[in-house]
Each structure stands twice: as structure tokens, then as C-alpha cells.
1. Which whole number of Å³ per residue matches the convex hull of the alpha-carbon atoms in the range 9-126?
2. Can you give the FRET efficiency to the nearest 0.05 for residue 235 and residue 197, using r as the Cβ-Cβ distance and R₀ = 25 Å?
3. Using DSSP to call loops (not H, G, I, E or B), can you name the chymotrypsin sites (Phe, Trp or Tyr not before Pro) in the range 88-195 whose Cβ has at most 13 other Cβ atoms within 10 angstrom?
4. If r is the Cβ-Cβ distance from residue 9 to residue 143 and R0 is 25 Å, what FRET efficiency results, to the nearest 0.05?
5. Excluding residue 53 itself, what net charge comes from residues whose Cβ is under 15 Å from its Cβ, given Lys and Arg +1 and Asp and Glu -1?
6. I'd like the distance separating the alpha-carbon centroids of the range 1-79 and the range 155-215, in whole Å.
7. Residues of the range 32-72 with backbone nitrogen within less than 18 Å of a virtual label 7 Å along the Cα-to-Cβ line of residue 83, please, listed as ranges.
8. So which lysines can residue 141 reach, going by Cα to Cα under 24 Å and dropping same-chain residues fewer than 8 places off?
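Throughout, read-outs are computed from the coordinates displayed, never taken from laboratory work. Just so we're clear, the structure is a prediction, and the values are computed from it rather than from any experiment. Neighbour counts run over all protein chains shown; Cβ positions are idealised from the backbone, glycine included.
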Amino acid sequence: MKEKMDWKDVRQLIGEKPIKVGLVLGSGLGRVLPLEEVKEFNYDELVGFNETSVTGHQGKLIIGSVLETKVAVLSGRTHFYENGKPDTMRGPIEFLTKIGTSHLFLTNAAGSLKQNIPTGSLMVIKDHINFSGLNPLIGEKSEERFLNLTKAYNENMIDALLLAAKQNNIEVSQGVYAWFSGPSFETPAEIQALRILGADAVGMSTVPEVILGNFFGLKVAAISVITNMAAGLSQETISHEQTKRIANSCEKKLEKLLISLLRKFK
Ligand code: HPA
């Protein structure tokens, strides 16, 4: 079997130009950027990466440039529900840190809890509720495990996202994202409970990555593509097929936003 590559091997292959930004692309959003000077690595070629088993997720690290900005894209993520490991994204996020990334943008597909955050819209995450009771730092031995999450979502990066949206006439809302472990979708009663608790959207990812990103000292921001109204809030049947389909249909809008955003991180 071919030996897996670690971050030093990848660093050698991609040259010295610094890569400031890491980007995680979620369900149905994998092809969102037109990258140049691309180097691609399958997750199964890399040390510390788990394979993703979810359709709509590519499972590739793609390093390239958008205009002047060099970016490391994790196209597809692994989720807790795939393997029972809350720290399943620790390897990839540590990898980004090691190759020199300082900023991490996360994208996901999510269900909306609010009528004023409709299907097909974008929501910048300003805070989260970890409803899973899980944490990717369980088992971590260093004192850094007692991580302060008061400013888990970096204000400057949120401002950059909002500015990029404004400059491109893309409407975005801001809200609180709640992490449910999945893989089953929530019940209507769970969604009502989440509404009372102050959540605006719900999904099965991102929160562990936000915790890990902060743990590794990255500046973190995240945005949700709203693919459906959450359970019990509309007549539509919720499904993974719907998540992928609506996420796909929002790719152009997200692409525009991300290109404009990345220009600000040269
Ligand atoms: N719930 C959880 N995760 C999701 C949803 C949802 O309604 N939509 C897309 N991802």
C-alpha cells in the first residue's frame, strides 16, 4: 500500500506561497469555487483524514488560487454520525493549521427554524448551541481543552462575509446554529424545543469544526445554506436528496459570495 502523505509532504508539493485561508465545503457544495493552479489530494491519501461516506461530499483536499488568494479547500467533511467520533475532523483542521492556514471558513446545509430565514437563503452563523452533548476535545489532555468560546465566530470574518454579501446584492441573515448529531433528522418537538432555546437553524456538522478551529488558534466563521424548513415547519418532506438538490441550486450564489470574500484575504 502507498504510504500516506503528511502535511510536510503536501507543503513540499505546493510550494512556499502562504495559504491564509482554509475553506470547508459541506453537503452539495463541493464544486463551489473556480480554482487555478490546483493540487488535489484524496482524503485516503492523507495522514489523519477519515474517508467521507456521505453522497454529496467529495472527500478531497484541493489547494489552489482564487484570483490572488491562495486557499486550501476541504471539499466534503466527515461527520460524527459516520463513525461515532466527535473529533473526526481534528486531523484535517490540524493539517490546515500546519500548512499555515490562519483563517477558516465553514459552509454547511441547514434546516431553518424561522419563517424569515427561507429555503434557498444564506445565514451567517453568529453563535451556536451544541445540542449533541458531544465535544471534539473530549480526551484532549492539555490545558487548552478548557477553550473559551465566547467569541468562537470571529467578528472581522463575519463583517467580511456581510460586506461581500452586500457588495454582491446577496441577502444574508445572521443567526444561531444548533448542532444535532444526526443522521436522522429532528422531530417536530425537538425543533419546537430548539426554537424556545434561541436557535435559528439546525444541522449535523460545523460545531465540532468551530471548536477545533478555535482550539488550533484559527480565526473561524461559518455560513449555512438553508435547504429546508426544519421538521414540522412546512408540508415538504425533509430528505437528504432535498438537502443536496437545494444546496446545489444555491452554489452559484455561494460561489459569488466566496470569491468576493476571498479577495479580501489576499
Ligand atoms: N436538520 C438537520 N440537518 C440538516 C437539515 C435539517 O433540517 N437540513 C439540512 N441539514
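1. Considering the Cα atoms of the range 9-126, their hull volume per residue is 124 Å³.
2. 0.55
3. Listed in order of number, the matching sites are 146.
4. Calculated value: 0.20.
5. Local charge sum for residue 53: +1.
6. 23
7. From the range 32-72, the list is 41-62.
8. 85, 98, 151, 219
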